[in-house]
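The values are calculated or read from the model by the stated rules, or taken from the named source; none is laboratory data. The model shown is predicted, which means the values in this text are computed figures rather than measured ones. With ideal geometry, Cβ positions are generated from the backbone for all residues, glycine too; neighbour counts draw on all protein chains shown.
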């Protein structure tokens, strides 16, 4: 029988040797991401910003985006953004909120429809129309923020009770690192940030936590098993013992997400990208952030089982 192994059974990679380099790289990326959020900001989707979104399919081989911008820009509806959405004939139209009056929103949509039909014929197909008001968008933004904060607090409490406080702090620092870097990449690339992205971030938190807990569980076992092994050597051994499981899980997840990214269409592309980025960053943080931090946080063996630590 032929078996495939991404990682050999016994590895001895000195992860802890590179912890300071990993800290510096992560700190630079973290600060850069934090700087992007107030300066460039996030490309908030209609879920959080409010407004109207219309998905249309235009006749012919490709949509005339330039002509459509000219047509819709002259309607006096404020900012109207158009982008190709999947096929060359599919266009996503975003309009700013007209007012708090639902009748005015509906009138704006009717005006867009009639203008496109007049300019391009009856074959224009309106596939989807979505409205989000200012009150709802504000509530959704706050609810999404709360969901992420509550998840981090619950994780801190869970890890604290299951292990020791050092494990909880290390896990939450790694998860905050993952969340901020995800927000930063969305800001840098101008990807749409919506409710689906919040769901992706929560999924990333769960995925990264799962990886971290697997390593932490092995660390806890080894703390009881090896009474004379230095702490850096013990953490390295724990990482190497769980490396095959960590990388195989990440690889199989990335294969599935890659297929979704390529073939899933534009509707879920930003969500899938967030997941792919989160799997990569989460795997990195579990190995190079969460576990090495235990050394800085002075995790210790059970009473009476101390060993001399060496760097």
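Looking at 181, 140, 156, can you tell me which residue is under 30 Å from residue 216 (Cβ atoms), at pLDDT below 80 and either in the same structural domain as residue 61 (by TED's automatic domain parsing) or in contact with a helix residue (DSSP H, G or I) (Cβ under 6 Å, 6 or more places away or on another chain) (or both)?
Only one candidate passes the filter, namely 156.
Name the residues in the range 45-58 that are buried (at least 17 other Cβ atoms within 10 Å of the Cβ) and either under 30 Å from residue 117 (Cβ atoms) or under 16 Å from the mean Cα position of the chain (by Cα) (or both), would you?
Selection gives 45, 46, 47, 49, 50, 51, 52, 53, 54, 55, 56, 58.
Which condition from (1) under 32 Å from the mean Cα position of the chain (by Cα); (2) modelled with pLDDT of 85 or more is the one that residue 115 breaks?
For residue 115, the failing item is (1).
Please go through the range 258-277 and pick out each residue that is at pLDDT below 90, farther than 20 Å from residue 45 by Cα and either under 19 Å from the mean Cα position of the chain (by Cα) or surrounded by 20 or more Cβ atoms within 10 Å (Cβ to Cβ) (or both).
Within the range 258-277, 260, 262 meet the criteria.
Please verify whether the range 225-242 includes one or more residues that are at pLDDT below 90, closer than 30 Å to residue 94 by Cβ and crowded, with 17+ Cβ neighbours inside 10 Å.
no
Take residue 182 and decide whether it is crowded, with 23+ Cβ neighbours inside 10 Å, out of contact with any strand residue (DSSP E or B) (no Cβ under 9 Å at 6 or more places or on another chain) and closer than 24 Å to residue 27 by Cα.
yes
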